1. Please give me, ordered by residue number, the trypsin sites (Lys or Arg not before Pro) of the range 76-110 that lie in loop per DSSP and have at most 15 other Cβ atoms within 10 Å.
2. Considering only protein heavy atoms, what is the solvent-accessible area of His97 at a probe of 1.4 Å, reported in Å² to the nearest 10?
3. Pop the C-beta distance of Arg144 and Asp41 into the FRET formula with R0 = 22 Å and round what comes out to the nearest 0.05.
4. Work out, step by step, the length gained on full extension between Arg77 and Lys108: first 0.36 nm times the residue separation, then minus their alpha carbon distance; give nm to one decimal.
Amino acid sequence: GPSSPTTHPSPLVDDAKAWRAGKRVIDVEKEGLLLLAEALDAIGDEFAMFGFSGHSRNQVNFYKFKDFDEALADPARQRIGGIQPFGQNRDGTAIRHVTAKLLGRPAKIKLLILLSDGKPLDEEYNGVHALEDTRMALREARARGIHPFCITVDRDARVERSVEPGGR
């Protein structure tokens with residue numbers, strides 16, 4: 001086979017405490033992550049799954065649910081299924097961290113998939129400032145050869161429309 005995989009998808013999940021339409025956002029995200037993990041595993045792409053939350057600019061937490069070199073076995077499935085909401089979310093910081101991880105991988109095509117409620121929020125990190133920082137982090141990733149995609153679990157979220165013109 002080839003010396004390096006063709007793609008390195010890297011889903012990144014927002015672990016913030018949020019509710020939408022009577023359901024915890026994290027529960028919808030977990031269902032989506034497990035389905036995505038099974039699909040990526042079935043096609044043979046090497047992938048990792050990470051999460052993030054935090055409390056202010058001084059405490060941004062990053063979680064590894066499945067690493068690139070780890071099989072999608074019961075321990076990884078259990079970590080994904082056990083995801084709990086922890087705090088707030090600084091999307092830009094997490095995107096930059098995963099971008100750095102992806103740049104160290106040998107794949108020709110590197111995907112960063114952000115699964116979120118579409119509302120970056122953490123103390124003074126909110127509103128236009130948080131959306132602009134998220135947009136800038138995605139642009140920085142794209143400029144470095146990463147292909148970012150944003151999936152929101154809230155139909156009212158505006159991140160996907162505000163990230164790039166045309167909703168890309």
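The values are calculated or read from the model by the stated rules, or taken from the named source; none is laboratory data. Note that the structure is predicted; figures quoted are calculated from it, not measured. Reconstructed Cβ throughout: ideal geometry from the backbone, glycine too, with neighbour counts over all protein chains shown. Surface accessibility is based on the protein's heavy atoms, side chains included, excluding ligands, DNA and RNA. Shrake-Rupley method; radii C 1.70, N 1.55, O 1.52, S 1.80 Å.
1. Numbers: sites: Arg77, Arg79, Arg90, Arg96, Lys101, Lys108, Lys110; in loops: Arg90, Lys108.
Of the trypsin sites (Lys or Arg not before Pro), the ones in loops of the range 76-110 whose Cβ has at most 15 other Cβ atoms within 10 Å are Lys108.
2. Accessible area, nearest 10 Å²: 90 Å².
3. On the way: r = 26 Å, r/R0 = 1.20.
Step by step, r from the Cβ atoms, then E = 0.25.
4. Details: separation 31, 0.36 × 31 = 11.16 nm, distance 2.65 nm.
Stretched fully, the Arg77-Lys108 segment lengthens by 8.5 nm.
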